[in-house]
Structure formats: structure tokens, C-alpha cells
Amino acid sequence: MTGLVVKWLIGASSLVAAAATPLPTEAYEASAVTGGGSITGKVVFNGTPGTRKVIPTKDIEVCGAPFEETLIQVGPDKSVQNAVVYLADITKGKAWPAEAKKPEIDNKKCKFEPSIQVIRVGGLDVVNSDPMLHNTHGYYGKRTVFNLALPNQGQRIPVELPRPGEVRIDCDAHGWMEAFIYVADNPYYAVTGADGKFTISDIPAGNYKLLVYHPFTGPNEQAVTVAAGKPSDLNIELRKGASSIQGGSGK
Ligand SMILES: [Cu+2]
């Protein structure tokens, strides 16, 4: 099975230019995990949180007055909220969680809601809650994956995100709008809460690569060992300017 999957991935990577080619999204195999372990931890950032001034130049009646935006949510104890944590290269393990509803990204008052999220390989809905045009544009790296004009309030358009990795979302109508979607090819992921903490559970015992992303900093990558019934407790520091990692299971 593993051999087959590897062959598939190698075959698929040579077709990277064909954006519409669906990849084997079900390469991950769900099975019962007995004697699993967990990883808990806290993500911190010790640097200066970046901010930027946003000055809406059009659609002011909806987009509002100029405002200062924080580019990373850091608590008083340096904890980072909305960092994405996930295990790379795990092809077998617990079942995907049941989705309460299809994930979505909303254009709302000229901001994306949410600005950072993780979804399962597949797709999500792009929604416009505002009474004027947004043009939602998604990229894997520099490559467009979708580009949608949403002129009407209440519009909802499904898009496919068949490849794992980071998708940046811009609005071609409002240059300041930006969001990130991390597309996961396995269910071993978490997003940190306001306390910077996360838990990933039911991991088959073994050695893994743990990735932590935040768009403001570079990614953090580290080796972790998961032992049956024993949580690994990690303190993970994000640093500005760490080199970029493309994709989650990228080989
Ligand atoms: Cu917009």
C-alpha cells in the first residue's frame, strides 16, 4: 500500500502544472489506533508582533475607517494564538473528525473570516456577506488555484483545494484583505487557542515530523517521538524569517 502511494505521489508531482489534476486525496488510511500517544504543547513568539495600518480606499461605507491590524496574536506570556500545528508524513491512523458543517471563508466587512484555518483536503465554500463586490483569489505559492468574483451579498461558491499545503487568499478588489488556509492530508492537526496551547491525540506510537506554521513568522519543524499512553509536552518557539516550507507532505 505504502509503495503504491509513493508511486502515486511521484507520478503526480510531475503533473504539477496541471492544476486541475486531482491528486489522490484519500491516500490517508483511517484505522483503529490502539496504544496511541498524544502531543501537547504551547507555541510562543518572543519577537515584536508586527502590525500594519490599513486605509480602505473604496467601499468605505462597508470597509470602514482606517485601522491598525496586528499580524500575529501574542498574549502577555508570549503565547501565539492561531498557529497551525500538524504532523507531516503520516499515512495511517485515526479517522477524520466528523465535520459539523462544510468549512468556509467569509468576506465580511472587508476582512476574511476566519483569517487562518485548517481544512481537510477537498475544499470549502467562499461566501460574501457584504453588499458589494469582493474578488476572492486563492494561491498555492504563486499559482492561482481559484479566482472568484462575488458581486452579490449572500453569494456562496464552493471551491476545490485538492492539494495539501498553504493556500494564501487575497481579494483583488481590496488589496489589504489576506487570509491563509492550511490544507491537511491527515487529521493530525490543531490550531492554538488564545493560551497558545494545542493537543493532538490518538497518534500511533512512532517518530514524526511536527510542523508549526504562522504566516507572520517562518515555520518551525521538529522531530517528535510519540510513545504509547505518554504525552509529549513541547514548548515551540516561532522565529521571524525562518525558511519557508512548502506543503505538508511535500517530498
Ligand atoms: Cu474584497
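Only the coordinates and a few stated rules stand behind these numbers; no lab work does. Quantities reported herein were computed from a predicted structural model and do not represent experimental measurements. In this analysis, Cβ positions are derived from the backbone assuming ideal geometry, glycine residues included, and neighbour counts consider all displayed protein chains.
Observations on the structure shown:
- If you plug the beta carbon distance of Ala30 and Gln222 into 1/(1 + (r/R0)^6) with R0 = 22 Å, you get a FRET efficiency near 0.30.
- A simple count of charges around Phe45, restricted to other residues whose Cβ falls under 12 Å of its Cβ and scoring Lys, Arg +1 and Asp, Glu -1, yields +2.
- Proxy reagent accessibility, fewest Cβ within 10 Å first, across Val43, Val85: Val85, Val43
- For Gln73, the residues whose amide H sits under 5 Å from its own are Gln81, ignoring neighbours fewer than 5 places away on the same chain, with H placed 1.01 Å from N.
- Of all stretches in the chain that contain no GluC sites (Glu not before Pro) in a DSSP loop with at most 16 other Cβ atoms within 10 Å, the longest one is 100-251.
- Pair Asn147, Thr48: separation of 7 Å Cα→Cβ label points (nm): 3.7
- When the pairs Lys92/Lys142; Lys42/Lys240; Lys58/Lys240; Lys94/Lys230 are compared against a 25 Å limit on Cα-Cα distance, Lys92/Lys142; Lys58/Lys240 fall above it.
- In Hz, Karplus ³J(HN,Hα) per residue of segment 194-207 (6.51, -1.76, 1.60; θ = phi - 60°; x = Gly, Pro): 4, 8, x, 9, 8, 9, 10, 10, 6, 9, x, 4, x, 9
- Loop-resident sites, segment 36-99, for trypsin sites (Lys or Arg not before Pro), counting at most 16 other Cβ within 10 Å (DSSP): Lys58, Lys78
- Between helix 2-13 and the chain there is an angle of about 30 degrees, using the helix long axis and the longest principal axis of the Cα atoms.
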